[in-house]
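Enquirer: Would you mind keeping the following structure in view while I ask a few things?
The values are calculated or read from the model by the stated rules, or taken from the named source; none is laboratory data. Note that the coordinates shown come from a computational prediction; the quantities given were computed from them, not determined experimentally. Cβ: placed from backbone, ideal geometry, glycine included. Neighbour counts: every protein chain shown. Calculation scope for accessible area: heavy atoms of the full protein, side chains included, ligands and nucleic acids excluded. Shrake-Rupley method; radii C 1.70, N 1.55, O 1.52, S 1.80 Å.
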Amino acid sequence: LFFTKIKILAIRYDFEKGIIRKSKDRVSIIPNFATKKFNCFESNEKNLYCIGRKKKKKKGQDKLLKGLIKLKQKNSNSFDKLIFIGDGPDLKSLDEFSEIYSWVEFHPWVSNGEIKISNKGICVLSSHYEGLPLTALEAIMSNIPVIATKNSALNSIIPQECIHQNDSISLEKAISYTFNNYSKLLAYCKNKVATGYTYYSFSESIKNFCRD
């Protein structure tokens, strides 16, 4: 069996750079996309938002909590609140932290357009492994910067200064850098997320890719 042509689909720009040098005519790039925005409200609160399914083994919210508890003990002004939005199998065990620490809150999942976030907040991802999280892209398009672990495709969207390891030291650096460079970070990240893209146009791009 012989192949006359091989096609490669890439949605990450670092994949593109690594592949395209040798295979310019074989690579089709479908841009990172976001279709919905969060409901942002005016506030002076410097809150952290962890949005998504509560599943510690994959999502690492327990590690994030422990790291932020240490950070709060060291510097109580590093941020105001940590707000979790979402449901999941580990919600009950995580929710116990809100009974101990007044700055930890848990809110049930709502549709994206109904998620309310402070316009000075930060979206935090703590996953042990992750693909390209749509929540993070939607946060960026809602003018909310993102900090994340290095275990996702977000490495190709956010700068290294916004990468943390769920420990107090790296979290402090990422949070401080983000709050101090809010507008600059958003401009940097939004250049890497496509606007005007929809689920329909994304699926059509896949179909065209397979057809060509």
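Enquirer: Taking 0.36 nm per intervening residue step and subtracting the Cα-Cα distance, what contour gain separates Asp87 from Ser102 on full extension?
Expert: 3.4 nm
Enquirer: In a shell of Cβ-Cβ distance under 13 Å around Asp95, excluding Asp95 itself, what net charge do Lys and Arg (+1) and Asp and Glu (-1) give?
Expert: Cβ neighbours under 13 Å give a net charge of -3.
Enquirer: Please work out the Cα center distance from region 110-185 to region 73-107, rounded to the nearest Å.
Expert: Cα centroid to Cα centroid, the span is 17 Å.
Enquirer: May I pose another question? From the phi of every residue in region 151-167, what ³J(HN,Hα) in whole Hz does the Karplus formula 6.51 cos²θ - 1.76 cosθ + 1.60 yield, where θ is phi - 60° and glycine or proline is x?
Expert: Running phi through 6.51 cos²θ - 1.76 cosθ + 1.60 with θ = phi - 60° gives 8, 8, 6, 5, 4, 8, 10, 9, x, 4, 5, 9, 8, 10, 10, 6, 10 Hz.
Enquirer: Here is a follow-up. Using the Cβ atoms and a cut-off under 14 Å, what net charge is assigned to the surroundings of Glu45, where Lys and Arg are +1 and Asp and Glu are -1?
Expert: +1
Enquirer: Using only the heavy atoms of the protein chains and a 1.4 Å probe, how would Lys150, Lys36 rank by accessible area, largest first?
Expert: Correct descending sequence by accessible area is Lys150, Lys36.
Enquirer: On to the next question. Quick one: which residues, 5 or more positions from Phe106 or on another chain, have an amide H under 5 Å from its amide H? H modelled 1.01 Å from N in the peptide plane, none for Pro or chain starts.
Expert: Long-range HN contacts for Phe106: Phe84.
Enquirer: Right, another one. Here are some pairs, Lys92/Lys150; Lys56/Lys190; Lys46/Lys150; Lys36/Lys116; which of them have Cα atoms lying more than 20 Å apart in this structure?
Expert: Where the Cα-Cα span goes over 20 Å, the pairs concerned are Lys92/Lys150; Lys56/Lys190; Lys46/Lys150.
Enquirer: Using amide H atoms built 1.01 Å from N in the peptide plane, name the residues 5+ places from Cys40, or on other chains, whose amide H lies under 5 Å from its own.
Expert: Long-range HN contacts for Cys40: Ile117.
Enquirer: From the phi of every residue in region 93-101, what ³J(HN,Hα) in whole Hz does the Karplus formula 6.51 cos²θ - 1.76 cosθ + 1.60 yield, where θ is phi - 60° and glycine or proline is x?
Expert: So the Karplus estimates, Gly and Pro as x, are 5, 6, 4, 4, 5, 5, 7, 9, 10 Hz.
Enquirer: Please state, rounded to one decimal and in Å, the Kirkwood hydrodynamic radius that region 77-157 gives when every pair of distinct Cα atoms enters the mean of 1/r.
Expert: When all Cα pairs of region 77-157 are included, the Kirkwood radius is 13.9 Å.
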